[in-house]
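Enquirer: A single structure is presented below for examination.
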Amino acid sequence: MRSILTMVCVVLSAVALARPVHADVSGPAQVIDGDSLKIGGTRIRLFGIDAPERGQGCQAEGKLWLCGGLAKLRLKERISGRRVVCGEKDRDRYNRVVAVCRVDGEDLNAWMVSEGWAIAYRRYSQDYVDEEAAAKAAGRGLWRGEFVPPWDWRRGKRLTTAPRDTDRTAPPAANRDDRKCRIKGNISSKGTRIYHVPGGRYYVSVWRERPCRVSV
């Protein structure tokens, strides 16, 4: 009898050890794109949502703009250097932690979808379908115009309608005078004048803060 109990205990222990242990990952986060973070050495994929890729373009009001880059910027702004807590739900094929991440208790996954900077990834979850419906009804973020779902964009699908304007950096419907000042500028802390042109690394963030600085 004792030997049988011992064997049962050994089997149960082995099963327990075989189960993945899901623990929270927390700390300052580096934003990779609109649905990916890195905390320390841990790569994290936001659960249940899919954001446009960094090089992906969307269209609104006849203008093509880099919605993927702006989605990344919005997530970075929302985190704003605060501590991020991610609760692991799974691991993906790239061994990234798939998680729901929060800042001060706010669900970042839900926020990205509700603001229209990501869409519900129905293939894996129905958790954020209501947030998507609300963003679509309000015309927020991606829903202000046309876009290819990120999962189709990764397979090579692109928008079929040709835009009238190919400004690939600034979002449409932002500043009606933006066409007159494609070059943006600011002054560094040392007094150096810095100019940013479309396609530059910091153009989108400077455009948002200073929609019209230098006319050309």
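Enquirer: Going by what's in this entry, would ILE32 be described as touching a Ser or Thr at 6+ places or on another chain (Cβ under 9 Å) and open to solvent by less than 60 Å² (accessible area, probe 1.4 Å)?
Expert: No: the conditions fail for ILE32.
Enquirer: Collect the residues in region 25-52 that are in contact (Cβ under 8 Å) with a residue 12 or more places away in the chain, out of contact with any Pro (no Cβ under 9 Å at 6 or more places or on another chain) and of a type in the set (D, E, K, R), keeping them in residue-number order.
Expert: If the condition is that a residue be in contact (Cβ under 8 Å) with a residue 12 or more places away in the chain, out of contact with any Pro (no Cβ under 9 Å at 6 or more places or on another chain) and of a type in the set (D, E, K, R), then ARG43, ARG45 are the ones that fit.
Enquirer: Does ALA99 satisfy the condition of being within 16 Å of GLU77 (Cβ to Cβ), touching a strand residue (DSSP E or B) at 6+ places or on another chain (Cβ under 8 Å), open to solvent by less than 40 Å² (accessible area, probe 1.4 Å) and at pLDDT 95 or above?
Expert: no
Enquirer: For region 26-54, which residues satisfy the criterion of being out of contact with any Lys or Arg (no Cβ under 6 Å at 6 or more places or on another chain) and outside any strand (DSSP E or B)?
Expert: Correct list: PRO28, ASP35, GLY40, GLY41, GLY48, ALA51, PRO52, GLU53, ARG54.
Enquirer: Hey, any hits in region 2-9 for a residue that's modelled with pLDDT of 90 or more and either under 26 Å from GLU106 (Cα atoms) or open to solvent by 50 Å² or more (accessible area, probe 1.4 Å) (or both)?
Expert: First, pick out the residues of region 2-9 that are modelled with pLDDT of 90 or more: none.
The answer is no, given that none of the residues of region 2-9 is modelled with pLDDT of 90 or more and either under 26 Å from GLU106 (Cα atoms) or open to solvent by 50 Å² or more (accessible area, probe 1.4 Å) (or both).
Enquirer: Ok, one more. Tell me, please, whether a residue that is open to solvent by less than 10 Å² (accessible area, probe 1.4 Å) and part of a strand (DSSP E or B) can be found in region 55-63.
Expert: Checked against the condition, which is being open to solvent by less than 10 Å² (accessible area, probe 1.4 Å) and part of a strand (DSSP E or B), region 55-63 yields at least one hit.
The values are calculated or read from the model by the stated rules, or taken from the named source; none is laboratory data. Note that this is a predicted model, so its numbers are computed, not measured. Positions of Cβ are backbone-derived with ideal geometry, glycine not excepted, and every protein chain shown enters the neighbour counts. What goes into the accessible areas is simple: the full protein's heavy atoms, side chains included, and nothing from ligands, DNA or RNA. Shrake-Rupley method; radii C 1.70, N 1.55, O 1.52, S 1.80 Å.
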